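Quick notes on the structure that follows.
The values are calculated or read from the model by the stated rules, or taken from the named source; none is laboratory data. Please read all numbers here as calculations on a predicted model, not as lab measurements. All Cβ positions, glycine included, derive from the backbone under ideal geometry; neighbour counts span all protein chains shown.
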Amino acid sequence: MYERDDVDRAEPAHFGIHPEAFAEERPDPRPEEAKRMGLSRHTEEGAVLYFASSLDRGKPAHRMMAWILLITFAAPVIYILLVL
């Protein structure tokens, strides 16, 4: 691995993510279990969880997005069950 001179070294190094990236402007909507497991919006699974947790059920566009997510994740399971 090589060192670059134009980038500050992250302390501590979280897989190349700069420490300032962890500073949150708003409260963290993640469940406590996700926080304990280390799922943040910087991981693949954590990003989906963070996005889904930030949806507001009072807004119609957010409700539509929640239905789209439900269909997206449930469709492969339903398809597999139909094929069996």
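Of the residues in the range 54-61, at least one is surrounded by 10 or more Cβ atoms within 10 Å (Cβ to Cβ), hydroxyl-bearing (Ser, Thr, Tyr) and not in a helix (DSSP H, G or I).
Each row is one residue, and each column tells you yes or no for (1) among the hydrophobic types (A, V, I, L, M, F, W, C); (2) at pLDDT 85 or above; (3) out of contact with any Asp or Glu (no Cβ under 8 Å at 6 or more places or on another chain).
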| residue | (1), (2), (3) |
| --- | --- |
| Ile17 | yes, no, yes |
| Ala21 | yes, no, yes |
| Asp28 | no, no, yes |
| Arg36 | no, no, yes |
| Arg57 | no, yes, yes |
| His62 | no, yes, no |
| Ile71 | yes, yes, yes |
| Leu82 | yes, yes, yes |
